[in-house]
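Trainee: The structure follows.
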Amino acid sequence: MKSSEGSPREADMATSQDTESTPVVSQDELRGMIPQESIWHYRIRKFDVRTQVGRLAVIFSLWWLWWSETIWDGWDAISLFGIQPFPNVSPVFRASPGATWEYLIEFLPESLFWQDAWVTIKEALIAFIIASVLGVVAGIVLGNFQRVAKIFGPFIILINAMPKIAFLPLILVVYGVGEMSKVVLAVIIAFFIVQVPTQAAVSLVDPDLVTVARTMGASNHQIFRMVTIPAIGPAILGAMRLAAIISVQGAVFGEIFASKRGLGQRLITSANMLDYNGLFAIVFVLAVFALILNGAIGLAEKRFLRWQVGSQSAQVVSL
Amino acid sequence: MSADTPAVELENVSLIFGGDHPSDEPVAALHDINLSIPTGQFVAVVGPSGCGKTTILNMLSGLIPPTKGAVRRNGTEVDGPSKDIGYMLARSALSPWRTAKRNVELGLEIQGIPKNKRSEKSMELLRRLRLEDFADSFPSQLSQGMNQRVAIARTLALDPDLWLMDEPFGALDAQTRLTVQSEFIELWESEGTTVIFVTHDLEEAVLLADRVIVITARPGRIKSDTIIDLPRPRIIDELRFDENFKQAEERIWMELRDEIV
């Protein structure tokens with residue numbers, strides 16, 4: 001450094017920046033200035049009593065609506081343009097918490113139940129993986145290559161605009177009533193959930209980051225690996241969370257429509273026998289599975305997106 | 001390369017955007033620029049916005065070729081990006097997923113420098129910019145001024161012999177800008193590399209540079225070329241109130257004013 005060593009200006013600058021080398025106030029003094037809380041007080045604060053009480057209130061209200069059968073009794077008095085949004089439900093179709101619980105107690109230990117569950121989980125998982133891989137690859141290709149996007153874009157939008165469930169009868173004829181048709185349906189639905197945001201994310205990659213890498217002599221491949229991939233990570237993981245839930249939905253819907261095995265099959269059988277306790281029980285099991293899948297991606301987000309400090313990323317609901 | 005080969009040379013350089021279709025009006029961004037910069041000179045380029053200042057840097061960095069004329073570096077024509085040029089953009093443009101240290105190492109990674117060498121280099125630079133305690137922080141955890149200093153370190157990591165800087169401190173508030181300017185000029189004075197520094201801030205240009213070039217409104221031409229004869233090392237926050245500095249700034253302002261008003 002040939003700049004004026006020891007000039008008063010430089011000394012000023014040093015103190016303004018190197019606060020850690022010559023601290024004005026010591027760490028202990030700082031501690032003395034802040035009211036210290038006990039570890040228990042800290043834990044209670046982190047536990048966030050108000051939020052937990054709020055959650056309990058929601059759970060209790062829902063439970064009460066169901067348990068007291070208020071939800072089934074409905075409110076016939078409420079009528080909007082001659083339509084009753086909360087009609088009375090006939091006792092034949094009513095499910096009760098007790099009977100739903102009994103159903104779970106009865107069937108959860110059964111291996112047949114788990115065989116059905118495994119069928120649905122397998123269909124949803126395979127569909128989720130295929131849809132994610134295809135969606136990410138298609139999104140990246142369409143986002144990176146303008147001509148490809150121009151050629152295929154309108155058709156993709158057209159197909160995405162179609163109600164994909166409407167193809168189910170055709171899918172069943174082509175792929176049979178087995179597991180394959182459920183996978184195909186779920187893939188068709190979940191694919192777009194991943195492809196659309198991935199493509200958008202690729203085209204939104206900060207061009208300055210690309211320019212910086214390019215001026216440093218980066219090849220296209222290096223730019224893809226060091227800029228594009230990390231930049232679209234959050235969008236992909238967010239889309240995959242949705243795709244996980246949608247895949248379960250697709251598989252169950254396919255099973256309800258026509259199937260040999262699976263929780264959807266079990267569900268529609270219960271419903272046909274007017275056993276709505278079974279329907280509720282199975283929906284709970286499916287929800288738990290979808291939450292686990294969602295949570296697994298949440299963990300991946302926490303692991304890979306550590307850099308999104310302070311920014312609003314979709315967080316797993318932690319109980 | 002003889003001793004008097006300029007570090008940077010623009011010869012009759014013109015740049016036209018668009019116009020490749022009859023219905024598309026061509027726009028002359030730069031017109032007939034002749035400029036020769038000797039090795040080790042700190043040149044500031046000022047001019048009204050849209051006059052093609054950034055375009056000059058883009059041509060020098062090899063991102064775009066001139067429509068007409070020749071752009072040379074150390075006597076050879078520029079034909080693409082080179083790791084010997086450090087280009088710093090207006091925004092810090094740091095990778096949000098990289099820590100400060102790994103951001104500094106970006107160019108080294110691109111050039112395939114082994115990990116321990118990268119680490120050595122990046123830590124040295126972070127130390128020089130007084131950021132060593134923030135090596136493992138992500139850009140979102142650092143202040144704007146700190147991020148800009150990280151961007152400076154990243155630009156210098158490949159030891160470029162030409163620094164191109166596009167309004168690097170434009171986004172900073174006045175106080176932070178002063179600090180970062182001081183640190184930057186201290187760093188530069190110890191290195192003595194050729195710098196082309198684009199700014200819309202005339203005060204900044206005169207404070208930092210050996211030579212200030214004023215570019216006219218579009219199409220950009222060289223309006224004036226002034227040597228700033230202020231002694232070095234420069235203490236930025238004192239120099240601001242120096243009479244000689246004020247005179248130099250006023251003289252160039254007269255030139256620039258015609259282009260802005």
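Trainee: Tally up the residues in the range B:90-129 that are of a type in the set (D, E, K, R) and either in contact with a strand residue (DSSP E or B) (Cβ under 9 Å, 6 or more places away or on another chain) or surrounded by 17 or more Cβ atoms within 10 Å (Cβ to Cβ) (or both), please.
Mentor: 9
Trainee: Regarding A:A235, is this residue under 28 Å from A:K182 (Cα atoms) and either free of Cβ contacts under 8 Å to residues at least 12 places away in the same chain or not hydroxyl-bearing (S, T, Y) (or both)?
Mentor: So A:A235 passes the test.
Trainee: Related question: For B:S82, indicate whether it is under 23 Å from A:T215 (Cβ atoms) and among the polar types (S, T, N, Q).
Mentor: Yes; evaluated as a whole, the condition is true for this residue.
Trainee: Among strands (runs of 3 or more DSSP E) lying entirely in the range B:19-123, which contain 2 or more residues that are of a type in the set (G, A, S) and over 14 Å from B:L162 (Cβ atoms)?
Mentor: Output list reads B:27-37, B:68-73.
Trainee: Could you tell me whether B:R73 is crowded, with 18+ Cβ neighbours inside 10 Å, of a type in the set (K, R) and either free of Cβ contacts under 8 Å to residues at least 24 places away in the same chain or under 15 Å from A:I223 (Cα atoms) (or both)?
Mentor: When the stated conditions are applied, B:R73 does not pass them.
Trainee: Right, something else. Among residues belonging to the range A:200-214 that are crowded, with 21+ Cβ neighbours inside 10 Å and of a type in the set (A, V, I, L, M), point out the one that is farthest from the other protein chains (Cβ to nearest Cβ).
Mentor: This residue is A:V202.
Trainee: Of all residues in the range A:136-154, count the ones that are within 18 Å of A:P234 (Cβ to Cβ) and among the basic types (K, R).
Mentor: Residues that pass the stated criteria total 0.
Trainee: Looking at the structure I just gave you, is B:D166 surrounded by fewer than 22 Cβ atoms within 10 Å (Cβ to Cβ), under 13 Å from the mean Cα position of the chain (by Cα), closer than 28 Å to A:F224 by Cα and away from chain A (no Cβ under 11 Å)?
Mentor: So B:D166 fails the test.
Trainee: Can I ask one more? Does A:G143 count as in a helix (DSSP H, G or I), assigned by TED's automatic domain parsing to the domain that holds A:V196 and touching a residue at least 12 places away in the same chain (Cβ under 8 Å)?
Mentor: Spelling it out, A:G143 is indeed in a helix (DSSP H, G or I), assigned by TED's automatic domain parsing to the domain that holds A:V196 and touching a residue at least 12 places away in the same chain (Cβ under 8 Å).
Trainee: So, one more: If you check A:G233, A:G238, which single one turns out to be within 14 Å of another protein chain (Cβ to nearest Cβ), at pLDDT below 95 and closer than 26 Å to A:L125 by Cα?
Mentor: Only one candidate passes the filter, namely A:G233.
Here is a yes/no grid of residues against (1) within 23 Å of A:I223 (Cα to Cα); (2) out of contact with any Leu (no Cβ under 6 Å at 6 or more places or on another chain); (3) at pLDDT 90 or above:
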{"residue": "B:S119", "(1), (2), (3)": "yes, yes, yes"}
{"residue": "B:S122", "(1), (2), (3)": "yes, yes, yes"}
{"residue": "B:R127", "(1), (2), (3)": "no, yes, yes"}
{"residue": "B:D133", "(1), (2), (3)": "no, yes, yes"}
{"residue": "B:P139", "(1), (2), (3)": "yes, no, yes"}
{"residue": "B:D161", "(1), (2), (3)": "no, yes, yes"}
{"residue": "B:M165", "(1), (2), (3)": "yes, yes, yes"}
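Trainee: Further, regarding this structure: Please indicate, with yes or no, whether at least one residue in the range A:62-82 is within 26 Å of the chain's Cα centre (by Cα) and either more than 28 Å from A:R261 (Cβ to Cβ) or modelled with pLDDT of 90 or more (or both).
Mentor: There is at least one residue in the range A:62-82 that is within 26 Å of the chain's Cα centre (by Cα) and either more than 28 Å from A:R261 (Cβ to Cβ) or modelled with pLDDT of 90 or more (or both).
Trainee: Okay, moving on. Please list, ordered by residue number, the helices (runs of 4 or more DSSP H) wholly in the range A:203-319 having 3 or more residues that are touching a Pro at 6+ places or on another chain (Cβ under 9 Å), aliphatic (A, V, I, L, M) and farther than 26 Å from A:E102 by Cα.
Mentor: Fully inside the range A:203-319 and qualifying: A:229-257.
Trainee: Checking B:L129 against (1) in contact (Cβ under 8 Å) with a residue 40 or more places away in the chain; (2) away from chain A (no Cβ under 14 Å): exactly one of these is not met. Which one?
Mentor: Condition (2) is where B:L129 drops out.
Trainee: Which of (1) of a type in the set (S, T, Y); (2) surrounded by 17 or more Cβ atoms within 10 Å (Cβ to Cβ); (3) within 14 Å of chain B (Cβ to nearest Cβ) does A:S247 not meet, given it meets every other one?
Mentor: So the condition that A:S247 fails would be (3).
Trainee: Oh, and also: Which is farther than 30 Å from B:I85 by Cα, of a type in the set (F, W, Y) and buried (at least 19 other Cβ atoms within 10 Å of the Cβ), of A:F280, A:F253, A:F304?
Mentor: It is A:F280.
Trainee: Give the range A:268-295 a look and list any residue that's out of contact with any helix residue (DSSP H, G or I) (no Cβ under 8 Å at 6 or more places or on another chain) and either of a type in the set (G, A, S) or more than 26 Å from A:S90 (Cα to Cα) (or both), or say none.
Mentor: Correct list: A:A287, A:V288, A:L291, A:I292, A:G295.
Trainee: Determine, yes or no, whether B:V206 is of a type in the set (V, I, T) and either part of a strand (DSSP E or B) or in contact with a Pro (Cβ under 9 Å, 6 or more places away or on another chain) (or both).
Mentor: No, not satisfied.
For every residue, the table says whether it meets (1) crowded, with 19+ Cβ neighbours inside 10 Å; (2) more than 25 Å from B:R72 (Cα to Cα); (3) within 14 Å of chain A (Cβ to nearest Cβ); (4) more than 14 Å from the chain's Cα centre (by Cα).
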{"residue": "B:N147", "(1), (2), (3), (4)": "yes, yes, yes, yes"}
{"residue": "B:I152", "(1), (2), (3), (4)": "yes, no, yes, no"}
{"residue": "B:L156", "(1), (2), (3), (4)": "yes, no, yes, no"}
{"residue": "B:P160", "(1), (2), (3), (4)": "yes, no, yes, no"}
{"residue": "B:G170", "(1), (2), (3), (4)": "no, yes, yes, no"}
{"residue": "B:D173", "(1), (2), (3), (4)": "no, yes, no, yes"}
{"residue": "B:E189", "(1), (2), (3), (4)": "no, no, yes, yes"}
{"residue": "B:T199", "(1), (2), (3), (4)": "yes, no, no, no"}
{"residue": "B:E204", "(1), (2), (3), (4)": "yes, yes, no, no"}
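Trainee: For B:E204, all conditions in the list (1) at pLDDT below 90; (2) farther than 20 Å from B:L60 by Cα hold save one; what is the number of the exception?
Mentor: Condition (1) is where B:E204 drops out.
The values are calculated or read from the model by the stated rules, or taken from the named source; none is laboratory data. Not measured: the values here are computed from a predicted model. In this analysis, Cβ positions are derived from the backbone assuming ideal geometry, glycine residues included, and neighbour counts consider all displayed protein chains.
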